[in-house]
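Every read-out reported here was derived from the displayed coordinates using simple, explicitly stated rules and does not represent laboratory data. This structure is a prediction, so every number in the text was calculated from the model and none was measured. Cβ: placed from backbone, ideal geometry, glycine included. Neighbour counts: every protein chain shown.
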Amino acid sequence: MMNIKILFFINALLLLQGCAPVAPWERGNLAKPHMALDHNPMRSALRAHNYGSREAAAGGEAGGGGGCGCY
Amino acid sequence: MAVIDRCETGLCLRKAASRSSGLQALTAAALALPGMLSSGDAAAADSEFAFQQSRYEEGKRNLFDAKVENPIQVDSIHASGKLSLTDRIKFAFNFLQDTWSGATPMSTAPLAGAIRPNIPVEREGVVSGASPFFQRTIQFNENFEPLAVDPVSRQTLGVDKRAVHVMSTASPETRNQGDFKLTYEWDELALDLGGGISIERDYESRFVNFGGRWDFNQKSTTLNFGMSYTNSDTYAIIDHDAQVYIENTNEGSQFTQAFRNQIKIEKGDYILQGNREDWGVNLGLTQIVGKSTVLDLSFGYARGTGFMENPYKVMTLVFVDPDTLEGETRGVLEQRPDERNQFSFGARLAQYIEPLDAAWHFNYRFNHDDWGIDAHTFESDWVQPLGSGWKVTPHVRYYSQSAADFYSPYLLIKQAFSKAVFVPGVGITRQSADDSVLPANFSSDHRLSGFGTLSGGVSISKEFTKGFTLEAGFEYYTHEGRLKLGGGGEAGFADFNYYVANAALKVDLDNLGRALDFFGDGHGHHLHHHGAGNPAGLMFAHMMDEPGSFMVGYQFMYGRQSGDMLNGSSVPLDSTIVENGCSTDIQCRFTPKFMNMKMHMLMFMYAPTDWLNLMVMPQFVDMDMNLRELSGRPPPAQGVHEHTGVGGHETGGVGDTSLSALIKLYDSGMHHLHAGIGVTAPTGDVDLEFRRIVQEDGGLIHFMMQLGSGTWDFTPSLTYTGTLDRWSWGAQASGVKRLQDKNESGYALGDLFQTSVWGGYNLTSWLSTTVRGIYTVQGSIRGDFNKFNGRGGPMDFPKNHGGRFWDLGLGVSAYVPSGDLAGNRLSFEWIQPLKDDVNGFQLERDGALSASWSYAF
């Protein structure tokens, strides 16, 4: 199971290398603030904190903090 | 943007984009792609200040008609800032605070109960029966299924396999977190180093992280990596009410030795201690896959070791005697594995929808760990700009997880807990079960059960002027066993829901500066402020006289009391406090040892004309206090929660909100006079209570630990300021008049009058100092608590509030007159008490610190 996932990841990596590059002057749309992958970091932090204290799958991301959630 | 200057292709772009500063900014950001994209910073500037407030409130749990205490609610604030120290060095910091109180599940028990049922009993119209608790006797059938029994007739009603939560209520508690990140950026590479600390009464966590990104393939591809290390200590006081029912903390029990060497007994409190370490690494790849599409893939691994338990969760053990089929329940602290390895895979897609100028975000995440939990998360945001700076973002999310291998709502053990047996040669003796009947790990924390969640919400934001944005959002979340992917989730007893409402303010300092340049009317950097060098702790002293100008500000105040107890101006003996500090009927048993008060205040100020300024100031406060026992105190009174003083107590949340207007009365350039007229709205709670303990109400928390006045208050002020060359001076008289006789808890704080006189000197064009003399007089509290209060000491009696106070304020203030950060002002003031003459008996003040930041545009 795990091996398949890693293979998929490496495959995806290789595939992406083959993409036709988008020239810098064609990236106007991508540069819009609402196209940022995390377009609202403060709200993401709030959501992550709430989900993290209510669900078991939190973590797996570099960072830290967030408290115990021991209630 | 330095990037433009370094990029050859940028030159032609800049020419094409020179028609509008907005397009210029956008193109500049495009060239920085995708590194900034992947780190989530493209939406934000290099220099930014943001503040967010939120409220989390859970719906009531299903306790099958038993009395439901108020569910948990959390008030949070989050302040964050980013600064470009140089073109290449960036600094970011966050401060977060959560304050929560209310009931949460502590254990789970079978609903059926033979003698003391877990549901209330109605006899002749009167409902009786306690809240669900985990020590019960239950009848089983031969298949070991629990049987419901009519509590009145004792007749068996049939199989009832339902379970129910056992709830535990907490007094208010606060968590503070501070963290930072320092980033160094090269043209195609960036490295960052960060760290922080999270502190709550029962948990302290310290963390460091290191990460970076590498752009290549003409910045079409970015590789991200990160790693983190966290070290956390648990210091949990076991619930007083439950302690004797938990085998690990019951001194008379021989059932288990688990955790006994980690439990410290201090002043009657059982404190469970533990340490855990967490490591995390992740690797990510961001790829521009088209003119309108960005894809991000990531892989993460996290490893935790040590004390991974939730110290407040208790597993209910049901011992069923196979001979009699009678079940008897016991509670033990949950036991989780000492190790956890988690893997995650995530994919994020951002798709630009050209005809609507919208962005569609879709995220998927898969998590797998060696506790047996597999989880899937699907999340989607649609960000829709609506013109005029408005933006609306609907959001939907689905999450599903399988249960941990060791999760069970309760454990059924097919033997008697204690049984009389005949041993040849010894006779009849009692044999008790020991913890060899238990599995290695077990938990009834429903966060480890199988369930699904569905949540959705919307947020709306409005950019008022380039770089100044307000936002409000709402989210509803439901957790249900039956929402689990593929079915098989936990039964309905564990279902719950919550909502979160948030409001945020963002100031993008780079863009504000740009906007001001763009207007080119010369006003931007030369706003005229009266009293710009005022002491930081002074309110309503500063006025803007350019019509249409805005100011945003943030003020932090910290005050501490930890000196001697005072009676008037003298220090009384403990015996005097015992006799006279409370009332004629009640002797004092406790007195404050120290108290800390922190306040975060936001300021929004607008000048519609040159003679009028309008201000709104929301506040967020938090307090903590410790008590000490008075020597010669009387014995404990019946039915009163006595603070042991081990952990102290805390409150916090939204405080009162000030609304006011400043009106210019006279201005000659050198001399300036203005009046302030305002009210304070009672948005802070004044009905905070201690949790119920030993079946007794904790009652209302002390007057000064409540979050507001609870009354509408009138706040007039009169301010004079003068300036000549490098010198400035001023005087202010201000007051607070309560407009109501009492608040919802039955009392009104005393009216207050304050005068300040100060002088200041500009050391340089940007740095000034002030010296201030302050006199404050405040009346004692009128009325009294109209609900139960423990009446433990002077802090619980109205007469021991207010007084006459003399202080000296020493301040320093820095103003940025030009450059990228022009218009920013940062000031500090230390208030040193000179003399206290308190009403009744009060704790002496140590001093107070004010720090304020403001920005006018």
For this session: Let me know the mean shielding of B:467-475 by other chains, meaning the per-residue number of their Cβ atoms within 10 Å of its Cβ.
Result: 1
Problem set entry | Theoretical FRET efficiency, 1/(1+(r/R0)^6), r = Cβ-Cβ of residue B:460 and residue B:188, R0 22 Å, to 0.05 | 0.05
For this session: Using only Cα atoms, locate the centre of segment B:222-274 and the centre of segment B:746-772, then give the distance between them in Å, rounded to an integer.
Result: 47
For this session: Would you mind ranking B:430, B:303 by Cβ crowding within 10 Å, fewest neighbours first?
Result: B:430, B:303
Exercise. Counting other C-beta atoms within 10 Å, which of B:509, B:411 has the fewest, and how do the rest follow?
Worked result: B:411, B:509
For this session: State the answer as a single residue: which of B:602, B:566, B:540 lies farthest towards the positive end of the charge dipole of segment B:537-616, with beta carbon charges of +1 for Lys and Arg and -1 for Asp and Glu, about the Cα centre.
Result: B:566
Problem set entry | Test item: B:226-232 mean partner chain Cβ contacts at 10 Å | 3
Exercise. Quick one: which of B:367-379, B:183-195 comes out on top by average Cβ neighbours within 10 Å, and what's the full order, highest first?
Worked result: B:367-379, B:183-195
Exercise. Hey, can you rank B:583-595, B:147-159, B:97-109 by average C-beta count inside 10 Å, highest first?
Worked result: B:97-109, B:583-595, B:147-159
Problem set entry | Cα-based helix-to-principal-axis angle, B:21-31 vs chain B, degrees rounded to 10 | 60
Problem set entry | Relative packing of peptides B:327-335, B:70-78 - highest average C-beta neighbours within 10 Å first | B:327-335, B:70-78
Problem set entry | Spin-label model distance (nm) - residue B:145 vs residue B:718, 7 Å beyond Cα toward Cβ | 8.3
Seminar exercise, completed: Nearest-0.05 FRET efficiency for residue B:763 and residue B:851 at R0 = 25 Å, using Cβ-Cβ distance, is 0.85
Problem set entry | Residue-span extension gain [residue B:137 to residue B:376] - 0.36 nm each, minus C-alpha spacing | 82.1 nm
Exercise. FRET efficiency for residue B:264 and residue B:341, Cβ-Cβ distance as r, R0 = 25 Å, nearest 0.05?
Worked result: 0.25
For this session: Report the charge-dipole magnitude of chain B in Debye, nearest 20, computed about the Cα centre from +1 at each Lys and Arg Cβ and -1 at each Asp and Glu Cβ.
Result: 720
Exercise. Considering only B:300, B:194, B:262, whose Cα is most displaced toward the positive end of the charge dipole of segment B:178-305, charges sitting on Cβ of Lys, Arg (+1) and Asp, Glu (-1)?
Worked result: B:300
Problem set entry | Listed pairs B:82/B:466; B:161/B:414; B:742/B:787; B:737/B:799; B:267/B:593; B:506/B:737 exceeding 22 Å between Cα atoms | B:506/B:737
Exercise. What size of dipole, in debye to the nearest 20, comes out for segment B:398-460 about its Cα centre when the only charges are +1 on Lys and Arg C-beta atoms and -1 on Asp and Glu C-beta atoms?
Worked result: 220
Problem set entry | Taking B:428, B:353, B:263 and counting other C-beta atoms within 10 Å, the order from fewest to most | B:428, B:353, B:263
Problem set entry | For segment B:459-498, alpha-carbon Rg and Dmax in angstrom | 18.3, 52
Seminar exercise, completed: Nearest 10, in degrees from 0 to 90: the angle of helix B:8-17 to the longest Cα principal axis of chain B is 70
Exercise. If you place +1 on the Cβ of every Lys and Arg and -1 on the Cβ of every Asp and Glu, how big does the dipole about the Cα centre of segment B:565-642 come out, in debye to the nearest 20?
Worked result: 120
